[in-house]
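**Q** Dropping the structure in here first, questions after.
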């Protein structure tokens with residue numbers, strides 16, 4: 001389904017059309033599932049949250065029938081942020097349950113930046129992204145779309161209304177910044 005079709009369904013669902021809301025769910029479910037599976041691959045093995053549960057939680061949090069969505073990219077950008085928050089909240093709950101026995105782990109191997117360890121603490125990644133957002137919101141948004149929403153350079157450029165070259169530069173810089181920040185704050 002095209003981006004404009006999803007945008008039309010978002011508009012119709014926001015206007016109270018229950019049929020459009022059902023069609024919207026069917027239209028975005030597979031893509032949300034792929035995003036969730038991609039996000040879950042970055043988590044430690046044996047994670048107790050499953051991609052289907054993550055998709056359902058994201059969909060409920062986003063409330064696509066609320067009428068607040070400008071278009072497809074706005075919706076999926078918010079979905080990436082919601083997945084991040086859900087995974088971080090899940091990690092915090094698990095960490096609290098174990099009372100310091102260790103953090104949940106997330107791999108950053110997709111970032112293609114050499115780090116001393118292959119996997120990093122999801123809470124440390126979240127803190128680093130929050131710090132990056134305070135310093136440069138656009139860089140943080142690029143990381144969220146590339147890492148959590150698994151968007152390509154081109155898709156990220158379209159979503160942020162930037163050139164692919166700018167996104168590629170931002171992505172390269174942000175990866176290095178995140179790795180350095182996380183290593184310094186261990």
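Since every read-out is calculated from the coordinates, none of them should be taken as a lab result. Since this is a predicted model, take the numbers as computed values, not measurements. Cβ placement follows ideal geometry from the backbone for every residue including glycine, while neighbour counts extend to all protein chains displayed.
**Q** Got a sec? How would 90, 74, 185 order by Cβ neighbour count within 10 Å, fewest to most?
**A** If I rank by nearby Cβ atoms, fewest first, I get 185, 74, 90.
**Q** Residues in the stretch 137-155 near a label at residue 172, defined as backbone nitrogen under 17 Å from the 7 Å Cα→Cβ point?
**A** Once the point is set 7 Å along Cα→Cβ of residue 172, 139, 142-143, 153-154 turn out to lie under 17 Å by backbone N, inside the stretch 137-155.
**Q** Another one. Using a basic spin-label model with each label point 7 Å from the Cα along Cα→Cβ, how many nm lie between residue 135 and residue 93?
**A** For the pair residue 135/residue 93, the computed spacing is 3.2 nm.
**Q** Would you mind computing, in nm to one decimal, how far apart the modelled labels at residue 165 and residue 85 are, each placed 7 Å from Cα along Cα→Cβ?
**A** Placing both labels 7 Å beyond Cα along the Cβ direction yields 3.7 nm.
**Q** Then there's this: Could you calculate the contour length gain from residue 127 to residue 158, that is, 0.36 nm times the residue separation minus the distance between their Cα atoms, to one decimal place in nm?
**A** 8.5 nm is the gain from fully extending residue 127 to residue 158.
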